[in-house]
Amino acid sequence: MKILKANAGALTNFEVLEFLRSRGAGKDTTRVIAPVAPSEYKVFDYLEQSVACNQTKESITDFISRSEKFKLAKAEIINVINIRPSSVVEIDSIVEDCDGRFGENIDELVDMVAEVFPLPTSIETNEAENGAQPS
């Protein structure tokens, strides 16, 4: 791999997960085959249980293009991709001056996030067991 531009910006959790997979991180129970540090395996295990495991390059590109009308800052876009907010309350904690910028259109952003980024299977299973409805 050749570094084209060092420290070009923040990465999404999906990009970190893809990088770890490219280095050989996986579900190998012995974890001795791949040249991946133990701390990287911990990050990999965490990201495999997060919303990043269901994301694709296409879904992220789709979200970025569809979210242009909301005029989100780069950091807000990355946070929405990484956290996958499923309610107005969660969006409000990510986006600065949410009510002032979006007003009633905030529900449209929540719906778009739910449409573009499906919940990971493990989260859907946990919500079903707890009696909650997935968004």
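You can think of it this way: the chain between Lys71 and Arg101 has 9.9 nm of extra reach, that is 0.36 nm per residue less the Cα-Cα gap.
Could you give the length gained by full extension between Glu108 and Ser22, i.e. 0.36 nm per residue of separation minus their alpha carbon distance, to one decimal place? Spell out each step's value before the answer.
Values: separation 86, 0.36 × 86 = 30.96 nm, distance 3.52 nm.
That works out to 27.4 nm of additional length.
Largest first, the extents of the alpha carbon coordinates of the stretch 22-122 on the three principal axes equal 52, 24, 23 Å. Between Ser59 and Tyr41, the distance separating the two model label sites (each 7 Å from Cα on the Cα→Cβ line) works out to 2.7 nm. Largest first, the residues Leu20, Leu11 sort by 1.4 Å accessible area into Leu11, Leu20. Each peptide in 49-55, 78-84 receives the mean, over its residues, of other Cβ atoms within 10 Å, and ordering these scores from highest gives 78-84, 49-55.
The values are calculated or read from the model by the stated rules, or taken from the named source; none is laboratory data. All of these numbers come straight from a predicted model, not from anything done at the bench. Glycine gets a Cβ as well: all are built from the backbone with ideal geometry, and neighbour counts include every protein chain shown. Ligands, DNA and RNA are stripped out before the accessible areas are found, and what is left, the full protein with its side chains, is counted by its heavy atoms. Shrake-Rupley method; radii C 1.70, N 1.55, O 1.52, S 1.80 Å.
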